[in-house]
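All remarks here apply to the structure that follows.
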Amino acid sequence: MACNSCATGDDGQPKGCKNNGTCGTDSCNKLTVFDWLANMSLPNGQERFIGVEVRFKNGRKHYYKNTENLTLSIGDIVATQAKSGHDIGMVTLTGELVKVQMKRKKVNLEDAENVLKIYRKASQKDIDIWSAARDKEEPMKVRARQFAIDLKLKMKISDIEFQGDGSKATFYYTAEERVDFRELIKVFAREFRTRIEMKQVGFRQEAARLGGIGSCGRELCCSTWLTDFRSVSTSAARYQQLSLNPLKLAGQCGKLKCCLNYELDSYLDALKAFPKSDTKLYTEKGNAVCQKTDIFKGLMWYAYEGEWMNWHIITTDQAREIIEKNKKKEKVASLEEYAVEHIQDTKTEFENVVGQDSLTRFDSPKGHKKRKNNKNNRNNKNRNSNNTNKNKSQNRNRNQKPKAKTNTNAKKD
């Protein structure tokens, strides 16, 4: 985050723009596209592509036509055409790469209804009005949620976005059922004194707009680079042999995590070499049922019916060999003939080959030993002092002269 608003303050502490990744200079932007054609010049006689990608709040992007031939670069604040009035956004991509992005997202430049035009570069007055409208969004969201609760509507106002000129406010909400919000719009229009537009988004889109940190410790994929939301089912977790725990499989949106689909194709390719887990193995000792598979090591665990506690490990090739014999109506003697021992991985011992400190130097605390040594030293010191005092007293007793004894018998005489 090397933008100007995230620089350090007078006291050396980081100021931070406090816009949660959507600052005005675009250096810590969400869903940023790297322009790898920026340092390449166009051939002679070819005109620059007039399409421009403009980003608005929380990663919302639209494509506009630069009909005025403005000299635009990434990070410029521009005033764009809207259905009513104008909007303020930031240029995130220009040049030939915009043509590639529009083709990928199936946006036609000649579609006058969806592809509008850029009016001008934003003036200071436009930016001031835009900033003032953005500052009103958070307190409005708190009040809007309270109004929805008072009307007992089963919906959640997740975000509010003002148009750049402040003439319209778009309320994004999520709901599991159809909601009649006609009375709510009247309340909003009376309280906020602006045009209101309600837009329903899904739970995944809500998480993408708001952002956050996932259980992996990184920013959410949907708010940084993921743009298409594919359906995720519990079968993806079953194929990867994950625990079907909804608390661990669900993301911040409450749905199954999108990352469950990332490695699913690799697991499916690996499972092609495995026989079906519901196929039984018929032996003379009894019928065996698959209990567990290890995709990475190519092992399968089988147990006889009625002896569910005793598992026998065989390889996939051995399991396929037994299945082929069963198809020929042949039975093997038992699984013990094929069972292999599951060799545990030996613990890797690290050696100090470069003169570094021990890797386990922080494992055992040293404080107790130090306190114990201090206590022993203190006891030894006390013991030595006691011994010296005892010796002094003994020497003092030796040096003293013995007193003369009185003769009691002489007195009696």
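Taking 7 Å steps out from each Cα toward its Cβ at Ser73 and Lys99 produces label points 2.3 nm apart. Packing-based ranking of 261-270, 141-150 yields 141-150, 261-270, ordered from highest to lowest mean Cβ neighbour count within 10 Å. Counted by Cβ distance under 10 Å from Gln81, the other residues give a net charge of +2, where Lys and Arg count +1 and Asp and Glu count -1. Annotation: extensible slack from Tyr262 through Ala250 equals 2.8 nm (criterion: 0.36 nm per residue apart, minus Cα-Cα distance).
Starting from the Cα of Glu330, step 7 Å toward the Cβ, then list every residue of the stretch 275-291 with an amide N under 19 Å from that point. Of the residues in the stretch 275-291, 280-288 have backbone N under 19 Å from the label point off Glu330. Each peptide among 278-287, 35-44 gets the average number of other Cβ atoms lying within 10 Å of its residues, and from highest to lowest they stand as 278-287, 35-44. The listed residues Trp301, Trp311, once ranked by accessible area (1.4 Å probe) with the largest placed first, stand as Trp311, Trp301.
Overall, the ratio between the Cα radius of gyration of the stretch 157-211 and 2.2 N^0.38 Å, rounded to two decimals, is 1.17. Length available on full extension from Asp180 to Val289: 0.36 nm per residue minus the Cα-Cα distance, which gives 33.8 nm. Each Lys or Arg adds one and each Asp or Glu takes one away; over the other residues whose Cβ falls under 15 Å from the Cβ of Val232, this sums to +3.
The values are calculated or read from the model by the stated rules, or taken from the named source; none is laboratory data. Just so it is clear, the structure is predicted and the values come from calculations on it, not from any experiment. Because the Cβ atoms are built from the backbone with ideal geometry, glycine has one as well, and the counts that use them run over all protein chains shown. Areas reflect the complete protein model, heavy atoms only, side chains present, ligands, DNA and RNA absent. Shrake-Rupley method; radii C 1.70, N 1.55, O 1.52, S 1.80 Å.
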